[in-house]
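Everything on this sheet refers to the single structure shown next.
Nothing in this text is a laboratory measurement; each read-out follows from the coordinates by a stated rule. All of these numbers come straight from a predicted model, not from anything done at the bench. When we count neighbours, we look across all protein chains shown, and the Cβ atoms used for this are built from the backbone with ideal geometry, even at glycine.
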Amino acid sequence: MKQEEQLSRIVEKVVVSDDLHAQWLNSLSMMENTGARKISKYEHPVNTTLIVLKHAAEEARHAYYLKKQIGKLTKDGCPDYSYPYLLAPIESHHYLNMLDVEACRYLKNKLHLEGRALKHGAYLLVTYSIEVRADMLYGIYQEALTRHKSKVNVKSIIAEEEGHLAEMERMLVQFHPEWEKLAADVCEIEVRLFNLWVSAIDKI
Ligand SMILES: [Fe+2]
Ligand SMILES: [Fe+2]
């Protein structure tokens, strides 16, 4: 089954149940927050640009915004990111961590990067692949929210993720002349890891 179809089916099940929907939002919030924390870790203490600061701030806002949406569905659901309040908690953590690990390994082998250059390359390529995914996932999710006239909406996140994707493309062009091939390879890693996540969520 195509990933889009599988995801649509999952989202359809999620949005009609307030409890599942709250856990879904909490899981996405946790992943956005993990992303924000990874960007903060990547930031150079001196040489940090406006774009990177904006990116870190917006990913942190996504985590906050998604968490805030939970209040529209349940009164006191999902106070934190502990396992009982998440969907597929192990796979949700695994997805981002492994993407980082595998992208770094790929860059080390392929371009023999190390240190700051490796961190920079991994930041660009991991973020790029996640933004491609965010575009697909939030698009499918928002379509279901609109159709079910849900009180929840993620339109502001979609707009910002589109901006991130364009920024990553601009930065990748400067990073390497063969950036498209590098991005395609990391996206391939991402597709495999996302498959594991979707399959786990599909068991709910
Ligand atoms: Fe985000
Ligand atoms: Fe983003």
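Number of residues in the stretch 156-167 that are within 13 Å of ligand 1 (Cβ to nearest atom) and surrounded by fewer than 14 Cβ atoms within 10 Å (Cβ to Cβ) equals 2.
Would you point out which residue out of TYR95, TYR128, TYR85 is under 30 Å from ASP202 (Cβ atoms) and touching a Pro at 6+ places or on another chain (Cβ under 9 Å)?
Working: TYR95 fails: touching a Pro at 6+ places or on another chain (Cβ under 9 Å); TYR128 fails: touching a Pro at 6+ places or on another chain (Cβ under 9 Å).
So the residue among TYR95, TYR128, TYR85 that is under 30 Å from ASP202 (Cβ atoms) and touching a Pro at 6+ places or on another chain (Cβ under 9 Å) is TYR85.
Has the stretch 100-118 got at least one residue that is within 16 Å of ligand 1 (Cβ to nearest atom), touching a residue at least 40 places away in the same chain (Cβ under 8 Å) and among the aromatic types (Phe, Trp, Tyr)? No.
Residue pairs whose Cβ atoms lie under 7 Å apart, sitting 6 or more positions apart in sequence or on different chains, and linking a residue in the stretch 138-163 that is farther than 13 Å from LYS72 by Cβ and aromatic (Phe, Trp, Tyr) to a partner that is within 13 Å of ligand 1 (Cβ to nearest atom) and assigned to a helix (DSSP H, G or I), are TYR138/ILE157; TYR138/ILE158; TYR138/GLU161. Within the stretch 124-137, does at least one residue satisfy the condition of being among the small types (Gly, Ala, Ser) and surrounded by 14 or more Cβ atoms within 10 Å (Cβ to Cβ)? Yes, the stretch 124-137 contains at least one residue that is among the small types (Gly, Ala, Ser) and surrounded by 14 or more Cβ atoms within 10 Å (Cβ to Cβ). Checking each residue in the stretch 1-40 for being assigned to a helix (DSSP H, G or I) and among the basic types (Lys, Arg) picks out ARG9, LYS13, ARG37, LYS38. Residue selection: LEU53 fails the criterion of being in a helix (DSSP H, G or I) and touching a residue at least 12 places away in the same chain (Cβ under 8 Å).
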